[in-house]
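Q: Got a structure for you, questions after.
The values are calculated or read from the model by the stated rules, or taken from the named source; none is laboratory data. Remember, it's a predicted structure, so these values are computed and weren't measured experimentally. Virtual Cβ from ideal backbone geometry, glycine too; neighbours counted across all protein chains shown. Protein only, heavy atoms only, side chains kept; ligands, DNA and RNA dropped before computing areas. Shrake-Rupley method; radii C 1.70, N 1.55, O 1.52, S 1.80 Å.
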Amino acid sequence: MAQTDSLLTVSAIGKPKGNVPLELFKAIRERGGEVEDCRIAQIGDRLTANLLVSGNWSTLGRLETALPGIAEKLELQVRFERCDPRPVNPEYRPYAAEVVAPQDSNLLVNILEFFQHQDVIVVEISTQKYQSTYTGAEMASVQMVLHVPVNQHPQALRESFMDLCDDLNADGMLDPIKT
């Protein structure tokens, strides 16, 4: 991304017909934009896409004008908005957390409350319910990207997290992201 580029966040949802990701990327490229970041996943019977597109002011204007027509052609609901780059914050370290536990409707709330009380920022969450192929038990898998304050003692946080996992009858992992 050039320093003079602007950013546009695009969120789309619709039935996964044809090759929606390819069509979205081609439409962005044809107007001179570049995808800086994206998350595309099938949630239920819908395809969801969240994209961060960069380009100069004119490029993003052309894309904003074209998006309603692209959405209609691909049978998507689309929302878009200009945005700023993700703030840089050297006061935090990136961590990954993973929890596998018996399915419980309070699981995610308990995990998020734990991190809130630790002054840890949750920046990304991915969850999935599934039935164990070995036992038939209803299970849940949670993956998170976290921002942990640099003044937070890593071992103390990890021990508290493992205590939480024990209380939830869960297996957990909390490790720094090495980038």
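Q: May I ask you to list the residues in the stretch 128-179 that are touching a Pro at 6+ places or on another chain (Cβ under 8 Å) and among the acidic types (Asp, Glu)?
A: Within the stretch 128-179, Glu138 is the sole residue that qualifies.
Q: Right, another one. Could you tell me which of the residues Glu30, Glu34, Glu23 is touching a Leu at 6+ places or on another chain (Cβ under 6 Å) and surrounded by fewer than 16 Cβ atoms within 10 Å (Cβ to Cβ)?
A: Glu23
Q: Output the qualifying pairs, or none if there are none: Cβ atoms under 8 angstrom, residues six or more apart or on different chains, first residue in the stretch 93-109 and without any contact (Cβ under 8 Å) to a residue 60 or more places away in the chain, second residue assigned to a strand (DSSP E or B) and among the small types (Gly, Ala, Ser).
A: If the second residue must be assigned to a strand (DSSP E or B) and among the small types (Gly, Ala, Ser), the pairs left are Gln103/Ala140.
Q: Could you list, in sequence order, the residues of the stretch 79-100 that are in a loop (DSSP other than H, G, I, E, B) and aliphatic (A, V, I, L, M)?
A: Passing the criteria: only Val88.
Q: Does Val78 count as aliphatic (A, V, I, L, M), open to solvent by less than 70 Å² (accessible area, probe 1.4 Å) and under 16 Å from Phe25 (Cα atoms)?
A: Against the criterion (aliphatic (A, V, I, L, M), open to solvent by less than 70 Å² (accessible area, probe 1.4 Å) and under 16 Å from Phe25 (Cα atoms)), Val78 qualifies.
Q: Can you name the residue in the stretch 58-75 that is open to solvent by less than 60 Å² (accessible area, probe 1.4 Å) and β-branched (Val, Ile, Thr) and is also farthest from Val20 (Cα to Cα) among such residues?
A: Result: Thr59.
Q: Something else: Would you be able to say whether some residue in the stretch 162-171 is surrounded by 10 or more Cβ atoms within 10 Å (Cβ to Cβ), touching a Cys at 6+ places or on another chain (Cβ under 9 Å) and not small (Gly, Ala, Ser)?
A: For the stretch 162-171, residues surrounded by 10 or more Cβ atoms within 10 Å (Cβ to Cβ), touching a Cys at 6+ places or on another chain (Cβ under 9 Å) and not small (Gly, Ala, Ser): present.
Q: Just to be sure, is Val88 farther than 30 Å from Pro154 by Cα and either out of contact with any helix residue (DSSP H, G or I) (no Cβ under 9 Å at 6 or more places or on another chain) or open to solvent by less than 50 Å² (accessible area, probe 1.4 Å) (or both)?
A: Considered against the rule, which asks whether it is farther than 30 Å from Pro154 by Cα and either out of contact with any helix residue (DSSP H, G or I) (no Cβ under 9 Å at 6 or more places or on another chain) or open to solvent by less than 50 Å² (accessible area, probe 1.4 Å) (or both), Val88 comes out as no.
Here is a yes/no grid of residues against (1) hydroxyl-bearing (Ser, Thr, Tyr); (2) on the phi > 0 side of the Ramachandran plot; (3) open to solvent by less than 80 Å² (accessible area, probe 1.4 Å):
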{"position": "Glu98", "(1), (2), (3)": "no, no, yes"}
{"position": "Asn110", "(1), (2), (3)": "no, no, yes"}
{"position": "Asp119", "(1), (2), (3)": "no, yes, no"}
{"position": "Lys129", "(1), (2), (3)": "no, no, no"}
{"position": "Ser132", "(1), (2), (3)": "yes, no, yes"}
{"position": "Ala137", "(1), (2), (3)": "no, no, yes"}
